[in-house]
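Note sheet for the following structure.
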Amino acid sequence: MPADTPSTAAASPFDAHESAVRSYCRSFPALFTRAKGSRLHAADGRSWIDFFAGAGTLNYGHNPEFIKRRLVEYLEADGISHALDLHTAAKAAFIETFVARVLAPRGLDYRLQFTGPTGANAVEAALKLARRVTGRSGVFAFTGAYHGLSLGALAVTANRAKRAAAGTALGDATFVPYPDGRLPAEQTLAWIERLFSDGHSGVELPAAVIVETVQAEGGIHVAPADWLAALQALCRRHGVLLIVDDIQVGCWRSGGFFSFERAGLAPDLVVLSKAIGGYGLPMSLLLIRPELDRWAPGEHTGTFRGNQLAFVAGAAALEHATDTGLEAEVRRKGERVAARLARIAALDTRLAVRGLGLVWGLDCSALGDGFAERLSARCFELGLLAETAGRRDTVLKFLPPLTTPDDELDAGFDLVARALGDLLRG
Ligand SMILES: Cc1ncc(COP(=O)(O)O)c(C=O)c1O
């Protein structure tokens, strides 16, 4: 270890100086120094298979060569690094690549709004625009939803503890049940229909419904395709906009580039972030049906809307993904993971498995609170990063980079099986 490398000992700069708000580092205590593909390395020589992938940001793995080369060339050529929303060659190339490789082949037509670099900022923009276009202020969101922690996004995020941290009123959101198995899916739709159409429902017709097609933070709940299609139809019938939050499960994670392709949706607004910048570089996008693009210039701005390196990386990622058939690979690997997880779940009848593509969850709720967190901790000791999600953190969540080779996927799930065996034996 170089002499000036901080240690993980108690006197680390993190413990001494960083805010108590830090979180993931508490679950995964190590001083990370290097990463490549699906592997993370620490200063003390330990390494891990990464099934966390920056919470779904590193879909193409750590430091993928095909993106790194482009970035290095761009930096060497003194390409623009920051430009607000000025026209740049890097941005033009990203837009053209996104249109040609993502939108056009799917017959989708959207305006691209580059928002501030967090997912929450794209959600804020979507909510503002929906309100502006419809002239209504309410938004329907779902139980279990996660859309970010800035005030507008937090208002449509379901977690009570996160909402309480706002310290102020979070208004204009009505939560309705997500089809997560607690109620029959058709009942959840009937309830929304009733709230929309019953003049005595006590709820105003909303500007929009915001939905995750797979609730990831919510514990890996996959909305049925026919439910999603019926939700879109219901929204259209009532002139309510449909916003799909594809921040975590878009960018090929659930199979197609967009997670809603399996349901044949054409949402009014779509939010993307996390993996769209390709290399873990911050970029967020709001996709807007052209006739809804009613912004006045500068109404939703932000200094960091023009991360040029993210444009370069994002374009390289889309080229590589479409040239190499990543979509089919995600589907194939998804089947492999489903089979592995079915074998793991067979270790104890109280376990349940949910997911699709390369977003999966092992539901340990029937084994009691704290079990999934202990499982995550044991996986970490054995050499695997996997975080918990869902109510009371009872689900172990798997988001491997989409480029993870089969043998590394298998090795990662072998560690899950070992960790689970250790815990079940007590
Ligand atoms: C579905 C979804 N929406 C919104 C967000 C918020 O994104 P950010 O943390 O970049 O603000 C997240 C983050 O995990 C997310 O998973």
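So between K128 and L347, what do we pick up on full extension, going 0.36 nm a residue minus the alpha carbon distance?
Working: separation 219, 0.36 × 219 = 78.84 nm, distance 4.75 nm.
Contour length minus Cα-Cα distance gives 74.1 nm.
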For this session: On a C-alpha basis, how far is the centre of region 94-164 from the centre of region 274-312 in Å? Whole number, if you could?
Result: 11 Å
Problem set entry | For the chain, built as a Gaussian network whose Cα springs stay under 10 Å, the top-fluctuating residue of A20, A266, A165 | A20
Exercise. What residue among T404, T157, T134 has the largest mean-square fluctuation in a Gaussian network model of the chain, using Cα springs under 10 Å?
Worked result: T134
Seminar exercise, completed: Expected vector for region 45-54, Karplus 3J(HN,Hα) from phi with 6.51, -1.76, 1.60 and θ = phi - 60°, integer Hz, x for Gly and Pro, equals x, 6, 9, 9, 7, 9, 9, 10, 6, x
Seminar exercise, completed: FRET efficiency for T324 and R69 from the Cβ-Cβ distance with R0 = 22 Å, rounded to 0.05, comes out at 0.90
Problem set entry | Residue-averaged 222 nm ellipticity for the chain, from DSSP H runs of 4+ at -39500 (n - 2.57), nearest 500 | -11000 deg cm²/dmol
Exercise. By its C-alpha gyration tensor, with a ≥ b ≥ c as the square roots of the eigenvalues, how is region 66-324 shaped: rounded for a/c under 1.5, else prolate for a/b larger than b/c, else oblate?
Worked result: prolate
Exercise. With every protein chain present, what accessible area does R392 have (1.4 Å probe, heavy atoms only), rounded to the nearest 10 Å²?
Worked result: 150 Å²
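What's the FRET efficiency of V203 with A166 using the Cβ-Cβ distance as r and R₀ = 25 Å, to the nearest 0.05? All intermediate terms of the calculation are to be shown ahead of the outcome.
Values: r = 22 Å, r/R0 = 0.87.
Efficiency computed from Cβ-Cβ geometry: 0.70.
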Seminar exercise, completed: Bridge orientation stat for the chain from DSSP, antiparallel percent rounded to 5, came to 65 percent
Exercise. At a probe radius of 1.4 Å, what is the per-residue accessible area of S365, in Å² to the nearest 10?
Worked result: 50 Å²
Seminar exercise, completed: Under the Karplus relation with 6.51, -1.76 and 1.60 and θ = phi - 60°, whole-Hz ³J(HN,Hα) for region 174-185, x at Gly and Pro, equal 10, 8, 10, x, 7, x, 10, x, 6, 10, x, 4
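On a full-extension model of 0.36 nm per residue, what is the gain between A89 and F175, subtracting their alpha-carbon distance, rounded to one decimal in nm?
On the way: separation 86, 0.36 × 86 = 30.96 nm, distance 4.28 nm.
Length difference between fully extended and current span is 26.7 nm.
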Problem set entry | Spin-label proximity, N159 to region 352-388 - amide N less than 12 Å from point 7 Å beyond Cα toward beta carbon | 388
For this session: Pop a pseudo-label 7 angstrom from the Cα along the beta-carbon direction at both T303 and A338 and give the gap in nm to one decimal.
Result: 4.7 nm
Exercise. What full-extension length gain, to one decimal in nm, is calculated for F14 and Q187 as 0.36 nm per residue of separation minus the Cα-Cα distance?
Worked result: 57.5 nm
Seminar exercise, completed: Connecting every pair of Cα atoms under 10 Å apart in the chain and solving the GNM, the largest mean-square fluctuation among I67, I49, I80 falls on I80
Problem set entry | Candidate residues W191, W227: accessible-area rank, largest first, probe 1.4 Å | W191, W227
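The values are calculated or read from the model by the stated rules, or taken from the named source; none is laboratory data. Everything numeric here is computed off the predicted structure, so don't read it as measured data. Here Cβ is always computed from backbone atoms with ideal geometry, including for glycine, and neighbour counts include all displayed protein chains. Ligands, DNA and RNA are stripped out before the accessible areas are found, and what is left, the full protein with its side chains, is counted by its heavy atoms. Shrake-Rupley method; radii C 1.70, N 1.55, O 1.52, S 1.80 Å.
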